[in-house]
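Taking it in order: structure first as structure tokens, then the write-up.
Taken together, the values in this text are just the output of simple stated rules run on the coordinates, not laboratory data. All figures in this text were calculated on a predicted structure; none of them were measured in a lab. As a convention, Cβ positions derive from the backbone with ideal geometry for all residues, glycine included, and neighbour counts pool all protein chains shown.
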Amino acid sequence: KNKIVRPKGYTVSWHSNPAIEKHHFGNSHPMKPWRLTLAKSLIMSYGMHAAMDTFISRTATKEELEDFHTEDYLDYLKTAKVALPDDETVKDYNLGGSDCPIFDGLFNYCSMYAGASIDAARRLANGDSDIAINWSGGLHHAKKAEASGFCYVNDIVLAILQLLRRFPRVLYIDIDVHHGDGVEEAFWSTDRVLTLSIHKYDGMNFFPGTGDLDRTGPDDEANPGAHHAVNVPLYDGIDDTQYIYLFKTIVGMCKDHFRPSAIVLQCGADSLAGDRLGRFNVQVKGHGACVAYCKSLGLPLLLVGGGGYTPRNVARAWTHETSIAIDCDKDLDPVIPDHTPYKSFFHYDTLFPTLEEILVGDPRPNKNSKKRVDEIVSSIREQLRMVNF
Ligand code: VJV
Ligand code: CA
Ligand code: ZN
């Protein structure tokens, strides 16, 4: 067991920087960069780093960040100090509230997670890696000149822009429990990126309040982006069976109609059962099945992290998904190794706890009917008839 070797015939690169993990959003803020330390220790205690090309990522340059963000916003982000109660710039850039606080080293944190995604994308574009991983990225809500929902710089948009230099079309897939609004908006008017987000949708009652089924792109048929935004709005409690069915069916249709040349998969782990902010019942195996399906398409693949607010489950999912990327998931002992640092944080010493173990006293009834799931699939099938490459 746990005999980890390099995958045969392809290369996986792992991009990370321990300095990212040291940042703090503030007391009891749900976003904890420290979860990356927990994930990294589990990945390394299985010995998986030996099967990848590993890179300590660098900070993105100002020029690289300006590929998407405005100079004004970046200047403000760089010099931002803990705000005064009625600072106008804070309101303009949505910085300094409780979701997007200004904390020590903020700009450094942003440039590092963005640098890792940019490097990962460049390796894919150059053909140096077949799969590239940045678990510290995936911050899908950040806008051109605005922070949003714990995200300040949109590393995904920056990575996709790198991929577009080399590849004609990029498929973006987002399994975070929240709608991937920042990425969708950035590529709203182009037919070179098809965005697909699966998320909980409950109008303004769940952040960010967008992503209904009929949000498919610009209304103007002459706009190249028309029909190139795919949204899968779900209710609470969706389980592995329904989730995997939806994922494979819809990603399969996107692949057939759009014919992507590369895939970016945002693996937000807040869609897992037992997440502090999420409301789904997806398990580590169901979440990982999405990664396995994307890998099976045989295209250059960028894996980024995202949300995930119950650190032990985030670490389990991204460890399992790393093992899928390097094709050693079948060789892995699901019992968490004894020498794993912070082992007691995992509560149960397995990568795959049962739903009962995860949801102690907090079961979430599945509010998604078979009828609704079928309705979603047929609506998206109609939408994709308009996408043809
Ligand atoms: O729902 C919101 C916005 C509010 C205003 C701010 N208050 C705190 C909450 C309601 C309308 N924001 C969401 C943002 C979710 C971002 C998800 C990011 C990702 O996973 O998609 C990608 C990384 C939200 N939900 C929960 C909270 N904010 C929240 C923020 C806190 C908090 C508890 C909950 C901030 C500080 C502290 N507790 C101490
Ligand atoms: Ca999503
Ligand atoms: Zn999220």
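Say we join alpha carbon atoms closer than 10 Å with springs in a Gaussian network model of the chain; which of ILE102, ILE43, ILE56 then has the biggest fluctuation? Per the Cα network of the chain with a 10 Å cutoff, ILE56 tops the list.
Where both residues lie in the chain, what percent of DSSP beta bridges are antiparallel, nearest 5?
Here the antiparallel bridges make up roughly 10 percent for the chain.
Result for the chain in a Gaussian network model with C-alpha springs under 10 Å: among GLU357, GLU21, GLU146, the largest mean-square fluctuation is at GLU357. Computed over the chain with a Gaussian network model linking Cα atoms closer than 10 Å, the most mobile of LEU158, LEU332, LEU171 is LEU332. Once you list every other residue whose beta carbon is under 15 Å from the beta carbon of GLY26, what net charge do they have if Lys and Arg are +1 and Asp and Glu are -1? With Lys, Arg at +1 and Asp, Glu at -1, the net is +1. Think of the chain as a dipole: +1 on every Lys or Arg Cβ, -1 on every Asp or Glu Cβ, centred on the Cα centre; then among LEU277, TYR348, TYR172, TYR348 lies furthest on the positive end. Fully extending the segment from LYS78 to ASN108, taken as 0.36 nm per residue of separation minus the present Cα-Cα distance, adds 10.0 nm.
Scaled against 2.2 N^0.38 Å for its residue count N, the alpha carbon radius of gyration of segment 9-55 is 1.38.
Across the cross-link table entries LYS143/LYS200; LYS32/LYS143; LYS330/LYS367, which are compared at the Cα atoms, the separations over 27 Å belong to LYS330/LYS367. Stokes-Einstein, applied to the Kirkwood radius of segment 149-263 over Cα pairs at a viscosity of 1.567 mPa s and 4 °C, places its translational diffusion at 89 µm² s⁻¹. Note on the chain: helix-only mean residue ellipticity at 222 nm, from DSSP H runs of 4+ residues weighted -39500 (n - 2.57) and normalised by residue number, equals -10500 deg cm²/dmol. Fraction of C-alpha pairs exceeding 37 angstrom in the chain: 15 percent, rounded to a whole number.
Summarising the label geometry, the points placed 7 Å from Cα in the beta-carbon direction at LYS62 and ASP333 lie 5.2 nm from one another.
Extension gain for LEU297 to GLU357 (0.36 nm times residue separation, less C-alpha to C-alpha distance): 18.3 nm.
On the principal axes of its alpha-carbon atoms, segment 62-200 has extents of 47, 31, 25 Å, going from largest to smallest.
Using a 7 Å offset from the Cα along the Cα-to-Cβ direction at both THR190 and GLU221, what is the distance between the two label points in nm, to one decimal? That separation, rounded to one decimal, is 2.5 nm.
Determine the gain in length on full extension of the stretch ASP236-ASN388; use 0.36 nm per residue of separation and subtract their C-alpha separation, reporting nm with one decimal.
Details: separation 152, 0.36 × 152 = 54.72 nm, distance 3.30 nm.
Taking ASP236 through ASN388 to full extension adds about 51.4 nm, to one decimal.
Screening the chain for whole DSSP H helices with an alpha carbon extent of at least 20 angstrom along the helix axis and a mean Kyte-Doolittle hydropathy of at least -0.5 yields 106-126, 240-258. Charge tally around TYR245: other residues with Cβ under 13 Å, Lys/Arg +1 each, Asp/Glu -1 each, net 0. Cross-link check: pairs LYS22/LYS144; LYS3/LYS295; LYS8/LYS295 evaluated at a Cα-Cα cut-off of 24 Å; pairs beyond the cut-off: LYS22/LYS144. LEU297 sits among other residues whose Cβ lies under 14 Å from its own Cβ, and their net charge, with Lys and Arg +1 and Asp and Glu -1, is +3.
Separation of the alpha carbons by more than 31 angstrom is noted, of LYS62/LYS255; LYS40/LYS91; LYS40/LYS62; LYS285/LYS343, for LYS62/LYS255; LYS40/LYS91.
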